[in-house]
Amino acid sequence: MTTLYISCDSAAVALGADRVAAAVVREAGQRGLDIQVRRNGSRGLFWLEPMVEVVTDKGRLAYGPVQVKDVPTLFDAGFIEGGNHPLALGLTEELPYFKKQQRLTFARIGITDPVSLDDYVAHEGYRGLKNALAMSGADIVKHVTDSGLRGRGGAAFPTGIKWNTVLNTPSEQKYILCNADEGDSGTFSDRMVMEGDPYVLIEGMTIAGIAVGATQGYIYLRVEYPHAHRALNEAIARAYKAGYLGDNIQGSGKTFNLEVRLGAGAYICGEETSLMESLEGKRGLVRFKPPLPAVSGLFGKPTIVNNVISLASVPIILDKGGDYYRDFGMGRSRGTLPLQLAGNIKHPGLVEVAFGLTLRELLYDFGGGSATGRPIKAVQVGGPLGAYLPESQFDTPLDYEAFAAIWAVLGHGGIVAFDDTVDMAQMARYSMEFCKIESCGKCTPCRIGSTRGMEVITDIMEGRDLNKNVPLLRDLCNTLLNGSLCALGGMTPYPVLSALNHFPEDFGITGQADAA
Amino acid sequence: MTDSGTIQTTVQEIITNLKGLPGALLPILHGIQDKLGYIPAECVSDIARELDLSRAEVHGVISFYHYFRDTPPGRKTIHLCRAESCQAMGAQVLEEHIKGRLGIDYHQTTADGAFSLEPVYCLGLCACSPSMQIDEEVYGRVTSESFDAIIKETEASA
């Protein structure tokens, strides 16, 4: 019997993977061939999805991108014995895009059946938890601190310091919140983890709970991720059944309960205090800090709020030690970051590498340039609140401090490429529009300034009174930067001003005077 | 169509089942919308009473979140992504085509009740932009042609 793997990742499904799987089963049946189709997470080489992998004694051979119409010819070519075919790609793990990565967090994704606990444990799963259960909370936190792990949601705050604060804040009840509201355009690494390896997140949260004495965890999941919702719920149910969640975890006497809570389409609920308000059943208004969530968070209790990737990186740290993780990376950016290449790019996908790769290497060595073949004019890194980078900045290494130094944002690692048909003034106006749509309404500059910002940019685009309106736009951005409680208002000026500064011609600004 | 009495019973059952949860309001609203397709205005006072909130507070939560709707949707809801990655791959052109093909704007429903159109800001399908979701089905690398084919297929199987 031959085993085939076809991804059930929602991006693969969006490209037809379910239909391909059904066609493969049907065709094999008609030909009397003994095959088994397993559904896995995606390897993250999305220009090759739907990918069909065939298990051979040499390893898994990949074919892709496969459409339903290709299925008969694949069988004709004897692909289940590794036969040659125009869509044959060779061994999956020899593909350069894959081979050049350092997959620590994504180690299992694409290899295992996402909701199979047996697969998870057979692939080094729950070794971190086993170690953690034998340690004191302080020791667990020390490993995380030593690893240099920084918040992978985007703020890059040292995770160990956050955990330490919660550990040292006494309380009857503490919480672990996973921020799974991955709202940035160009990002999908959280989604891939939740769909492709949900147990690694569950394990990370459990370790966190044990470390700081939190018995309850919530995964705040964006409602736009129904596949992730299903995968998480299935994995959580199985974890409870096998004693990896609940009271007396693995006979340790320790308790950790976990459930998923759905968001409802508000980008601002990706901000940690807005997220907590939402979990408490309220409008997602942003809170003042202090108090920090680590001291007074969900329902006023000490709370860890961490991104999916941060939590999913914890098991390997507790399995192989903080030093292991820290030895990848550069400067103060330790470990790996799963970068997400998206937009107008030839080879979109998931690239997990140690910090230090440059944007240019990512765009061209991995990405292959634009999808359209036209020049890449601008790249937005770090989501809708990240700056647009022109070609002159492409040699910046993908490192938190290197990006901050050029007033750009590495953030959650999302990278959206645009070719030269993009109108950067339109993109700047969209940034204001997005702020307007998603504003929680608390701060006047964000609530009202976003609408005014759209109007001013429209005036500029239509050539009205640039000498007044360009300085006005800059002044508005200054107010947003300095007068906002959170990053939605506070960082909307990043894409707007970077577009204005690097692409003045798109705004109709020709001379030096106009750009003042 | 469900009448007022049935709506009230359905809503009450959902509230009773979920009100014990910490932060119960969003799970209750999701429960109601999952069952009825929307959150009828008449259940605001029931929710408020059961959770000991004001009607204004409940209304405030429903109106804050883009996902919750207070009118029934079409038989299927198309969520079209408007965010940056999809824009980089032609979402604006696609958007114009879709609005023209269906004859509606965002937050509207076709006259025959078949489709509602809603904007969405990121489905996490950025590696296959432009993307959309129709109820629970996801679609990537959508073109005007593939959209028309999908709609035709959806209408045929309705």
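The values are calculated or read from the model by the stated rules, or taken from the named source; none is laboratory data. Bear in mind the structure is a predicted one, so any value in this text is a computation, not a measurement. Glycine gets a Cβ as well: all are built from the backbone with ideal geometry, and neighbour counts include every protein chain shown. Just so you know, the surface numbers come from the protein's heavy atoms only, side chains and all, with ligands and any DNA or RNA stripped out. Shrake-Rupley method; radii C 1.70, N 1.55, O 1.52, S 1.80 Å.
Go through the range A:263-299 and give me each residue that's surrounded by fewer than 18 Cβ atoms within 10 Å (Cβ to Cβ) and part of a helix (DSSP H, G or I). Across the range A:263-299, the qualifying residue is only A:Phe299.
For A:Thr187, the requirement of being farther than 16 Å from A:Tyr325 by Cβ and within 14 Å of another protein chain (Cβ to nearest Cβ) is met. The one condition from (1) modelled with pLDDT of 95 or more; (2) surrounded by fewer than 18 Cβ atoms within 10 Å (Cβ to Cβ) that A:Lys58 does not meet is (1). A:Asp327 meets all of the listed conditions (1) within 14 Å of chain B (Cβ to nearest Cβ); (2) under 30 Å from A:Pro96 (Cβ atoms); (3) free of Cβ contacts under 8 Å to residues at least 12 places away in the same chain but one, namely (1). The residues of the range B:110-150 that are away from every other protein chain (no Cβ under 14 Å) and either in contact with a Leu (Cβ under 8 Å, 6 or more places away or on another chain) or open to solvent by 60 Å² or more (accessible area, probe 1.4 Å) (or both), listed by number, are B:Thr110, B:Ala111, B:Asp112, B:Phe115, B:Leu117, B:Ser144, B:Glu145.
Counting the residues of the range A:136-178 that are touching a residue at least 40 places away in the same chain (Cβ under 8 Å) and touching a strand residue (DSSP E or B) at 6+ places or on another chain (Cβ under 8 Å) gives 20.
Within the range B:1-15, being free of Cβ contacts under 8 Å to residues at least 24 places away in the same chain and either of a type in the set (Ser, Thr, Tyr) or surrounded by 15 or more Cβ atoms within 10 Å (Cβ to Cβ) (or both) holds for B:Thr6, B:Thr9, B:Ile14.
Within the range A:187-208, one or more residues are touching a helix residue (DSSP H, G or I) at 6+ places or on another chain (Cβ under 6 Å) and outside any helix (DSSP H, G or I). Among the residues of the range B:16-28, those that are in contact (Cβ under 8 Å) with a residue 24 or more places away in the chain and assigned to a loop (DSSP other than H, G, I, E, B) comprise B:Lys19, B:Ala24.
Close Cβ contacts (under 9 Å, 6 or more residues apart or on different chains) running from residues in the range B:115-142 that are on the phi > 0 side of the Ramachandran plot to residues that are part of a strand (DSSP E or B) comprise B:Cys122/B:Cys81; B:Asp135/B:Lys76; B:Asp135/B:Thr77; B:Asp135/B:Ile78; B:Asp135/B:His79. The listed residues are A:Asp76, A:Asp9, A:Asp70, and the only one of them that is open to solvent by 30 Å² or more (accessible area, probe 1.4 Å) and out of contact with any strand residue (DSSP E or B) (no Cβ under 6 Å at 6 or more places or on another chain) turns out to be A:Asp76.
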